[in-house]
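One structure is given here, and the rest of the page talks about it.
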Amino acid sequence: MKKFLAVLLLICAAMPMGGCSIKKEYDLHGKEQVEALRESAKGWQSGRYLLTNINTDVMDQAFSFMYSEDGFQTYLYERVSEENGYYAEFSDGETFYVLNGGEVSILKSGAEGYVSYSRDNPHPYSTGDLLFYENLFVKSSEEAPQEDGGIDYIYYYNAEKINDTLGTNLIEFVTEYVFGADGEFEYFVQRNSDGENSYAYRIDVIDADSLTEIENPALASDE
């Protein structure tokens, strides 16, 4: 699961100025809709990203965030696995909490491992980069109509080019953006494989610009 998220952010970080979506000589299917969505996501003041493992049909990761009036970012990252159980990180801009295996760690500013984020320095998962798009690495694209009248834009990435740039060993990297008949974004899918491990995830976004409260599970566990 960590590798799934790490590949997304590693590719973005490797691009000039840390930016994704460099201009290509030809247009890709759905380019305008996808780029408009990602641009909108950069400005969201709150929201939740829900990650579902397609192979198991289990939502095993979630990321929630919102900004306070003074610009600090509150975020909650959660994941669940059979091997390690429930893990969560919570930060309110002042205190950083980690809940791991039922044990709670509380870190204040200046402590080793402490993290905090703000509008000027947002958590990378809150900027739309989880909805990955980097047209410099796309080798082909297509669009597939949905039964409900929506459309699915599929991007096939050049795994060899990604490997040459990042030193990874991917053999497949495919993403999909699904939009409804009304043109609204519905969900994102990413599939990647290195030959030994395969990841297939669906990401849904809910409560964009409407989330008003995020509960700290580390405090709830003490009750």
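Worth a mention:
- Search result, residues across the range 181-190 that are under 19 Å from Leu28 (Cα atoms) and surrounded by fewer than 17 Cβ atoms within 10 Å (Cβ to Cβ): Gly183, Glu184
Conditions tested, residue by residue: (1) at pLDDT 85 or above; (2) of a type in the set (S, T, N, Q); (3) in contact with a strand residue (DSSP E or B) (Cβ under 9 Å, 6 or more places away or on another chain).
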site	(1), (2), (3)
Lys24	no, no, yes
Ser46	yes, yes, yes
Glu83	no, no, no
Tyr87	yes, no, yes
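- Of all residues in the range 30-55, those being over 13 Å from the mean Cα position of the chain (by Cα) and either surrounded by fewer than 18 Cβ atoms within 10 Å (Cβ to Cβ) or small (Gly, Ala, Ser) (or both) number 13.
- With respect to the conditions (1) surrounded by fewer than 16 Cβ atoms within 10 Å (Cβ to Cβ); (2) assigned to a strand (DSSP E or B), Tyr75 lacks only one, and its number is (1).
- Exactly one residue out of Val189, Val205, Val174 is in contact with a helix residue (DSSP H, G or I) (Cβ under 9 Å, 6 or more places away or on another chain) and either in a loop (DSSP other than H, G, I, E, B) or aliphatic (A, V, I, L, M) (or both), and it is Val205.
- Qualifying residue in the range 172-180 (condition: farther than 25 Å from Val58 by Cβ, in contact (Cβ under 8 Å) with a residue 12 or more places away in the chain, small (Gly, Ala, Ser) and loosely packed, with under 15 Cβ neighbours inside 10 Å): no
- When residues of the range 56-71 are limited to those that are without any contact (Cβ under 8 Å) to a residue 40 or more places away in the chain and closer than 14 Å to Asp204 by Cβ, the one most open to solvent (accessible area, probe 1.4 Å): Asp57
- A count restricted to the range 78-126 and to residues that are β-branched (Val, Ile, Thr), assigned to a loop (DSSP other than H, G, I, E, B) and more than 22 Å from the chain's Cα centre (by Cα) stands at 0.
- Residue within the range 125-145 that is surrounded by fewer than 13 Cβ atoms within 10 Å (Cβ to Cβ), hydrophobic (A, V, I, L, M, F, W, C), farther than 30 Å from Arg191 by Cβ and free of Cβ contacts under 8 Å to residues at least 24 places away in the same chain present: no
- Extreme residue, most open to solvent (accessible area, probe 1.4 Å), among residues of the range 191-204 that are in contact with a strand residue (DSSP E or B) (Cβ under 6 Å, 6 or more places away or on another chain) and closer than 29 Å to Val98 by Cβ: Arg202
The values are calculated or read from the model by the stated rules, or taken from the named source; none is laboratory data. Not measured: the values here are computed from a predicted model. Neighbour counts are summed over all protein chains in view; Cβ atoms, including those assigned to glycine, are modelled from backbone coordinates with ideal geometry. All accessible areas refer to the heavy atoms of the entire protein, side chains included, with ligands and DNA or RNA removed. Shrake-Rupley method; radii C 1.70, N 1.55, O 1.52, S 1.80 Å.
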